[in-house]
Amino acid sequence: TASTLATLRSQKDGGLRSRVTKIFGAPEKTKTRQQVINEYLPALKLKGDVAKGKVIYTQRCATCHRYGKEGFALGPDLVTIKTTGREKILTNFIDPNREVVANYIAYNIKTKGGEEIVGLLGDETTTHVRIKLPLGQERLLPRTQVLGMRSLGQSIMPVGLEAGMTKQQMADLLEFITGL
């Protein structure tokens, strides 16, 4: 997978890195998030289709974002962000780490059982930690089982959700969100 290749390419062992490059080739030059945003800016001028936008929302956003009774409430409710404007929604969709509200910063939690969980911190007590996950799931861990917690310093929303989307599909998604 792409993430496995990225991990192999970032190893400290230079011999391993060159072997990976020999077998799989050099990594593609990645675009900055700003370059990707610039590529999608023409979508702001296109007329979007709400029904098609709803399908895209269901496929790419509903696992973590809610609107009305649809979707799951891990990230902000779409009704609360619709008034920020199409350009800001597009920017936040493509570059979710540009500005992150503190309660949407991802945490990596390591357990004594060797498990690593990435999610949002929910309520914490002296005895338990609640971790919020996509699809409305939560984990309640006893503090005695938590080996460590660290902020990842970035949004729980993954980068690259726009992959494979056309500018028209982006316009459709924006039309759906701003029309809620």
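Points worth noting:
- Any hit, the stretch 98-118, residues being touching a residue at least 24 places away in the same chain (Cβ under 8 Å), more than 20 Å from the chain's Cα centre (by Cα) and not in a loop (DSSP other than H, G, I, E, B): yes
- Pairing each residue of the stretch 64-78 that is of a type in the set (Asp, Glu) with any residue that is modelled with pLDDT under 90 and not in a loop (DSSP other than H, G, I, E, B), provided the two are 6+ apart or on different chains, yields C-beta distances under 9 Å for Asp77/Tyr67.
- Residue in the stretch 87-109 that is open to solvent by 40 Å² or more (accessible area, probe 1.4 Å), modelled with pLDDT under 95 and among the small types (Gly, Ala, Ser) present: yes
- Qualifying residue in the stretch 42-54 (condition: part of a helix (DSSP H, G or I) and at pLDDT below 95): no
- For the stretch 12-32, a residue qualifies if it is part of a helix (DSSP H, G or I) and either among the hydroxyl-bearing types (Ser, Thr, Tyr) or open to solvent by 70 Å² or more (accessible area, probe 1.4 Å) (or both), and the qualifying residues are Arg17, Ser18, Arg19, Thr21, Lys22, Ile23, Phe24.
- Odd one out for Met149 among (1) open to solvent by 60 Å² or more (accessible area, probe 1.4 Å); (2) under 22 Å from Asp77 (Cβ atoms); (3) in contact (Cβ under 8 Å) with a residue 40 or more places away in the chain: (2)
- Screening Lys52, Lys47, Lys82 for residues that are of a type outside the set (Gly, Ala, Ser) and surrounded by fewer than 13 Cβ atoms within 10 Å (Cβ to Cβ) leaves exactly one candidate, Lys47.
- Cross-chain or 6+ apart pairs with Cβ under 8 Å, the stretch 37-49 first and under 12 Å from Gln169 (Cα atoms) and without any contact (Cβ under 8 Å) to a residue 24 or more places away in the chain, then among the hydroxyl-bearing types (Ser, Thr, Tyr) and in a helix (DSSP H, G or I): none
- Restricting the stretch 152-171 to residues that are surrounded by 14 or more Cβ atoms within 10 Å (Cβ to Cβ) and closer than 14 Å to Ile37 by Cβ, the residue that is farthest from the chain's Cα centre (by Cα): Lys167
- Filtered residue count, the stretch 77-93, keeping only those that are in a helix (DSSP H, G or I), of a type in the set (D, E, K, R) and farther than 11 Å from Ala43 by Cβ: 2
The values are calculated or read from the model by the stated rules, or taken from the named source; none is laboratory data. Small disclaimer: the values here were computed from a predicted structure and weren't measured. Note that each Cβ is placed from the backbone with ideal geometry, even for glycine, and that neighbours are counted across all protein chains shown. Please note that ligands, DNA and RNA were not included when accessible areas were found on the heavy atoms of the full protein model with its side chains. Shrake-Rupley method; radii C 1.70, N 1.55, O 1.52, S 1.80 Å.
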